[in-house]
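What follows is a short report on a single structure.
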Amino acid sequence: MHRLFIILGMILVAVGLLWPVLRRFPWGRLPGDILIERPGFTFAFPITTCIVVSLVLSLIFWVLRR
């Protein structure tokens with residue numbers, strides 16, 4: 001369990017350091033993401049982004065568990 005927290009902390013630090021570069025990627029704006037904009041109202045549901053993030057995290061945890 002300690003190793004998991006150390007790895008997650010290192011991932012968070014890496015994401016924080018790479019944030020200026022990562023902002024340029026279209027996260028939350030992938031094809032299939034739902035965005036409804038009306039005057040005074042904006043609804044965003046990034047379904048495709050959620051699926052991609054879920055798959056990546058599942059792969060990472062699967063590799064760490066082996």
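The values are calculated or read from the model by the stated rules, or taken from the named source; none is laboratory data. Just so we're clear, the structure is a prediction, and the values are computed from it rather than from any experiment. Every residue, glycine among them, receives a Cβ derived from its backbone with ideal geometry; neighbour counts consider all protein chains shown. SASA here: full protein model, heavy atoms, side chains in, ligands and nucleic acids out. Shrake-Rupley method; radii C 1.70, N 1.55, O 1.52, S 1.80 Å.
Output the number of residues of region 1-27 satisfying the condition of being open to solvent by less than 90 Å² (accessible area, probe 1.4 Å), closer than 18 Å to LEU64 by Cα and under 13 Å from the mean Cα position of the chain (by Cα).
The qualifying residues number 1.
Do you know which residues across region 35-56 are open to solvent by 80 Å² or more (accessible area, probe 1.4 Å) and either within 15 Å of the chain's Cα centre (by Cα) or in contact (Cβ under 8 Å) with a residue 12 or more places away in the chain (or both)? Spell out how you get there, then give the answer.
Here is the first cut: in region 35-56, the ones open to solvent by 80 Å² or more (accessible area, probe 1.4 Å) are 35, 37-43, 45, 51, 55.
Hits for region 35-56 are PHE45, ILE51, LEU55.
Is there a residue being in a helix (DSSP H, G or I), within 22 Å of MET1 (Cβ to Cβ) and of a type in the set (A, V, I, L, M) anywhere in region 20-27? Spell out how you get there, then give the answer.
Keep residues of region 20-27 that are in a helix (DSSP H, G or I), which gives 20-22.
Remaining after also requiring within 22 Å of MET1 (Cβ to Cβ): none.
No - not one qualifying residue is present in region 20-27.
Are there any pairs with C-beta distances below 6 angstrom linking a residue in region 4-30 that is without any contact (Cβ under 8 Å) to a residue 24 or more places away in the chain to a residue that is surrounded by 11 or more Cβ atoms within 10 Å (Cβ to Cβ), with the two at least 6 apart or on different chains, and if so which?
Close Cβ pairs satisfying both conditions: TRP27/THR49; GLY28/PRO46; GLY28/THR49; LEU30/THR48; LEU30/THR49.
Among the numbered criteria (1) surrounded by 10 or more Cβ atoms within 10 Å (Cβ to Cβ); (2) out of contact with any helix residue (DSSP H, G or I) (no Cβ under 6 Å at 6 or more places or on another chain), which one does LEU30 miss?
Exception for LEU30: condition (2).
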